[in-house]
Amino acid sequence: MAQPKKKTSPKSVKRRSAKRQPSERRSRRLLYYGGGLLALVLIAFVVYGLITPKSSTGSTSDAASANKTVAVKMGSLAPDMTFTTVDGTERRLSEFRGRPVMLWLFASWCPTCQAGTIAVAGKFDQLRQAGVQIIQLLLYNNLGYAGPSAEEFAKRYAGSTYPSPGWLWGDASQAGSYMYDPKGYPDIYFLISKDGVLQTMSSAPNVTMKQILAFAQGAGNK
């Protein structure tokens, strides 16, 4: 004869729910801090990697070889580069001389790029009012991995700020990608003064937003 099922009292349900909640909160905290740690590690690699000589093994592409003599050095003029906007127009970085520029090279499969784009979109009005021109470019061939196009990425993560003339989206040329990102980091940006001088190199705008805003408020206009 089947035994009657025991009824679950509301109190026992609450107790089990209370036990689950701290665990869920811990999981969310781990995800949050883990994501922040990943961004900080990426920043460290970007800053350290580009100031450390790179040992060359094997052959390099023609674009990389052509740009060996071009230095991307903080405090110096930003080397010119070409890119193609999402509407197919070819532009040059030098066209924006006279305005502070945030040049951001990214891979569309990169998690910090997604979080960073959302963060920049949240501060876009402030950056636009300060006259900062954002140029966000997909690295050449998306660093060899599949992912959405620059336009698809912008529509997904930039929200209502897309499209805007103050935030250009497009694809970096092969030469430009190698010049500004020779080690192939998936998330790297440069803050360039209105005189065309490279002031800052960093990564993960969702973590480094304070320095971007400080640049917008004064440093970029010197």
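Key figures
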{"quantity": "LEU127 being crowded, with 17+ Cβ neighbours inside 10 Å and among the aliphatic types (A, V, I, L, M)", "calculated": "yes"}
{"quantity": "So ASP80, is it modelled with pLDDT of 95 or more, more than 16 Å from ASP187 (Cβ to Cβ) and surrounded by fewer than 17 Cβ atoms within 10 Å (Cβ to Cβ)", "calculated": "yes"}
{"quantity": "The range 84-97 residues that are in a helix (DSSP H, G or I), paired with ones that are of a type outside the set (Lys, Arg) (beta carbon under 7 Å, 6 or more apart)", "calculated": "LEU93/ALA78; LEU93/ASP80; LEU93/MET81; LEU93/LEU103; SER94/ASP80; PHE96/GLN133"}
{"quantity": "Residues of the range 164-203 satisfying the condition of being surrounded by fewer than 23 Cβ atoms within 10 Å (Cβ to Cβ), touching a residue at least 40 places away in the same chain (Cβ under 8 Å), in a loop (DSSP other than H, G, I, E, B) and of a type outside the set (D, E, K, R)", "calculated": "GLY166, SER173, PRO182, GLY184, TYR185, PRO186, SER193, GLY196"}
{"quantity": "Residue check for ILE118: crowded, with 22+ Cβ neighbours inside 10 Å, modelled with pLDDT of 95 or more and outside any loop (DSSP other than H, G, I, E, B)", "calculated": "no"}
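The values are calculated or read from the model by the stated rules, or taken from the named source; none is laboratory data. Keep in mind that what you see is a predicted model, and the values were worked out from it rather than measured. Ideal geometry is used to build each Cβ from the backbone, glycine not excepted, and the neighbour counts take in all protein chains shown.
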